[in-house]
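K.L.:
Have a look at this one.
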Amino acid sequence: MMPGFYVLSSSLLFFLFVPLVVMYFLKMRRQQVEVPSLVLWRKVLADQRVNSPFQRFKKHLLLLLQLLLLAVLILAAMQPYIEGDRASFKNVPILIDHSASMGARSYDGSQTRLEEMVEKVERIIDNLQTDQRVCLIAFADSARKLTDFTNNKRLLLAELEKLTVWDVESEVEDAIRMVEAMRQREKFDRVLMYTDGNVPEQVKVKVSFDLNLHRVDRGGMNVGLTALSAKQNEDGEWEIFANIESSGSGTMTGEMKVMLGGELIVKQAYSVAANEPDRVTIGLPVIEDGLVEVVLIPDGFDSLDADNKAYLAIKPTRNLVVGVSEGLDVMSRAMRRLDDVEFHVIDGREAIQPRYDLAVLSAVDRREEINADVTVIMGGIPKSLHGLLKITGEDDGDYVAASMKQSELLRHIYLESAVFVNRVRYGSYENGESVREEDLEERGWEVLADGSEAPLVLRARLQGKLIYAMLFDMSDSTLPFTPTPPMIAENLKQIAKYRAGLLELNGQKTGVLDAIHLLDKERSYTVAGPKNVVVSSETDVSGTLSGVEAKYSGMYQLRGSNRLLGASLLSEKETNLSIVDTIRFEEHDAIAVTKDVVIDKPIWYWFAIAGLAFLIIEWWFYQRKPGGWSRQLG
């Protein structure tokens, strides 16, 4: 790193040395004294000749101090700096990871990963010059822009100070897409990413810029809950299953407590080694309703607190609410025979239920106001796929060429022997190009069964809802004469029960809270959470409150009611403090770099401090006492 000067023209001030020296010697006045003889001065003159350099230096020490003072002040006016990456540091986005693992502390417990990383970014901001700008982008499970491109240090430092750790997993794709969109408006070729390395190793997105991956050291030893579930037996008692994992090299021990309503129900010791998860099973008495809290209390050092608590909402047992459109006779008969099902016919005569766990709807008579967690569309094309697929009548009909038997819907079902009256075909675009399966995937649909020319069964997860599309009418096929309809009905029942928490309860992860049902329609509600978080949201026309963010692990309360919800980290990746050295993008890789970013570092203030020091020295020896230092020596 070579030194440089921003204002080299200030070097002309060195010509001030000339008038300073001239004025100094013109100001010197020698005192004339009459003496009777020069014999006594011969020895003094001889000593003066021998020690002439030293004597001259001591005699003109004030001049030397003044010259040094002037020199350092001129150097400070030239604004010296240590040269860094100035050429490539004009407009630079800085991506900052603030996911859960960034809250891990170092072994001495002093700093979190985020605090260490913020210090590195602050050093960059402190050294920004007038022609250098940065844009701060924070990312965790999603990305958000903290500032536009700016060199306003006060604004940048204020946004950094407000940044906190979110108890969620880290995702990079959203941040990269945001930066790519910014390139349409701003010109830059370099992007900095600061992270602990606990990010996805493979990201399916193209990168058109140089991404420098700057990684802070991982945290110390950690233990946490990575999975939490519960099942109810025939006697109504619950069994809780908890997975405990650690990131350390040794064995970590502690105590696990299970509480309900703040009261201790049971506690149990645990011991877990690295790469050997401990699965703990705890039996609970009969619980009708409530929020179960599971807490880990480690015996020794634990770097991350967010994964030491997890929550499980125990819900009252009930029947599955199922609705089937009028006219779907085959599915209606199959659904009516199921146990633990509250069956409803969806037609113009019966009132629509506020919410269905499972709704089987006819494609030709589908109602927009129906709210269902699992929806099955039968006998037609879903709205989002209109134009991409079409159903035509063919003499030879259609058949299933291949099916995904490992899917929940088609488990234990053999469709290849079925024959269908109508045939499904791919559509085409206005330019004549045929629709492909990739076009369906772009709209969120996955093919579960292929017909002779196009898909017959599809699945999508849209806006938190699970949707199946069966593009055939069971009445126009050989399926009614086989065991297939009852088996499909049973599989749908298990899928809906699992999603409704009636088959197995699972801990709610952070990110977004589960939907809250049976509230007042189109009314604003407030949810209060950890760290004084308050979120307001409005219910839909069916009285469902959904999409409430939960970025911190802990309890959330719906204000105006006693309803409690819990959000838990429950992430193997975050608990294990996993790290990657390389992020693989499409056609590009980002490799971790070891050295810190160094942009031009101004050092003029050191010269200003030196000038102040010389000024104090001069005052001390020459101005503090009348006559100065030289007279005191005399």
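K.L.:
Tell me, which strands (runs of 3 or more DSSP E) wholly within segment 204-306 include 2 or more residues that are among the polar types (S, T, N, Q)?
P.N.:
In segment 204-306, the matching strands (runs of 3 or more DSSP E) lie at 223-232, 237-246, 251-260, 263-273.
K.L.:
While we're looking at this one, here's another question. So how many residues does segment 416-440 have that are aliphatic (A, V, I, L, M), within 24 Å of L462 (Cβ to Cβ) and either touching a strand residue (DSSP E or B) at 6+ places or on another chain (Cβ under 6 Å) or in a loop (DSSP other than H, G, I, E, B) (or both)?
P.N.:
Selection size over segment 416-440: 2.
K.L.:
If M102 satisfies every condition in (1) at pLDDT 95 or above; (2) part of a strand (DSSP E or B); (3) hydrophobic (A, V, I, L, M, F, W, C) but one, which is the exception?
P.N.:
Here M102 meets the rest and fails (2).
K.L.:
Say whether the condition of being exposed (fewer than 15 other Cβ atoms within 10 Å of the Cβ) and within 16 Å of the chain's Cα centre (by Cα) is met by at least one residue in segment 182-197.
P.N.:
no
K.L.:
How many residues, within segment 380-402, are surrounded by 13 or more Cβ atoms within 10 Å (Cβ to Cβ) and either more than 14 Å from G451 (Cβ to Cβ) or of a type in the set (D, E) (or both)?
P.N.:
Adding up the residues that qualify gives 7.
K.L.:
Please specify each residue of segment 371-395 satisfying the condition of being farther than 20 Å from E326 by Cα and of a type outside the set (A, V, I, L, M).
P.N.:
Matches in segment 371-395: S384, H386, G387, K390, T392, G393, E394, D395.
K.L.:
Which ones in segment 305-339 are hydrophobic (A, V, I, L, M, F, W, C), in contact with a strand residue (DSSP E or B) (Cβ under 6 Å, 6 or more places away or on another chain) and within 30 Å of S106 (Cβ to Cβ)?
P.N.:
Within segment 305-339, just A310 meets the criteria.
K.L.:
Among the residues of segment 140-163, is any closer than 27 Å to L304 by Cβ and crowded, with 23+ Cβ neighbours inside 10 Å?
P.N.:
Checked segment 140-163: at least one residue is closer than 27 Å to L304 by Cβ and crowded, with 23+ Cβ neighbours inside 10 Å.
K.L.:
Taking S332, is it of a type in the set (S, T, N, Q), under 36 Å from the mean Cα position of the chain (by Cα) and part of a helix (DSSP H, G or I)?
P.N.:
No: the conditions fail for S332.
K.L.:
Let me ask something additional. In segment 206-219, which residues are under 20 Å from the mean Cα position of the chain (by Cα) and not polar (S, T, N, Q)?
P.N.:
K206, V207, L211, L213, H214, R215, V216, D217, R218, G219
K.L.:
Between G379, G387, which is over 22 Å from I495 (Cβ atoms) and within 43 Å of the chain's Cα centre (by Cα)?
P.N.:
G387
K.L.:
Something else now. Please go through segment 149-169 and pick out each residue that is over 22 Å from S553 (Cβ atoms) and part of a loop (DSSP other than H, G, I, E, B).
P.N.:
F149, N151, N152
Listed here are the residues, each with its yes/no results for (1) of a type outside the set (K, R); (2) part of a loop (DSSP other than H, G, I, E, B); (3) out of contact with any Asp or Glu (no Cβ under 9 Å at 6 or more places or on another chain).
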| position | (1), (2), (3) |
| --- | --- |
| K493 | no, no, no |
| A496 | yes, no, no |
| D514 | yes, yes, yes |
| S536 | yes, no, yes |
| S542 | yes, yes, no |
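K.L.:
Sticking with this structure for a sec: Mind counting the residues in segment 452-484 that are assigned to a loop (DSSP other than H, G, I, E, B), in contact (Cβ under 8 Å) with a residue 24 or more places away in the chain and under 20 Å from M331 (Cβ atoms)?
P.N.:
The qualifying residues number 5.
K.L.:
Hey, another quick one. Please verify whether D174 is surrounded by 15 or more Cβ atoms within 10 Å (Cβ to Cβ), touching a residue at least 12 places away in the same chain (Cβ under 8 Å), not in a loop (DSSP other than H, G, I, E, B) and not hydrophobic (A, V, I, L, M, F, W, C), treating the condition exactly as stated.
P.N.:
It is true that D174 is surrounded by 15 or more Cβ atoms within 10 Å (Cβ to Cβ), touching a residue at least 12 places away in the same chain (Cβ under 8 Å), not in a loop (DSSP other than H, G, I, E, B) and not hydrophobic (A, V, I, L, M, F, W, C).
K.L.:
Shifting gears a bit: For segment 147-172, give me each residue that is farther than 18 Å from K90 by Cα and among the aromatic types (F, W, Y).
P.N.:
Within segment 147-172, just W166 meets the criteria.
K.L.:
Out of segment 315-329, which residues are surrounded by 19 or more Cβ atoms within 10 Å (Cβ to Cβ) and in contact (Cβ under 8 Å) with a residue 60 or more places away in the chain?
P.N.:
L320, V322, L328, listed by residue number.
K.L.:
Any chance you could count how many residues in segment 424-455 are under 12 Å from V400 (Cβ atoms) and touching an Asp or Glu at 6+ places or on another chain (Cβ under 7 Å)?
P.N.:
4
K.L.:
Among the listed residues P530, P480, P486, which satisfies the condition of being in the same structural domain as S546 (by TED's automatic domain parsing) and on the phi < 0 side of the Ramachandran plot?
P.N.:
So the residue among P530, P480, P486 that is in the same structural domain as S546 (by TED's automatic domain parsing) and on the phi < 0 side of the Ramachandran plot is P530.
K.L.:
Here is a follow-up. Could you tell me which residue of segment 462-513 is surrounded by the most Cβ atoms within 10 Å (Cβ to Cβ), considering only residues that are closer than 27 Å to N233 by Cβ and of a type in the set (K, R)?
P.N.:
Only one residue fits best here, namely K493.
K.L.:
Right, next: Just to check your reading of the model, which residue among S332, S303 is touching a Lys or Arg at 6+ places or on another chain (Cβ under 7 Å) and polar (S, T, N, Q)?
P.N.:
Every option except S303 fails the conditions.
The values are calculated or read from the model by the stated rules, or taken from the named source; none is laboratory data. Note that this is a predicted model, so its numbers are computed, not measured. Virtual Cβ from ideal backbone geometry, glycine too; neighbours counted across all protein chains shown.
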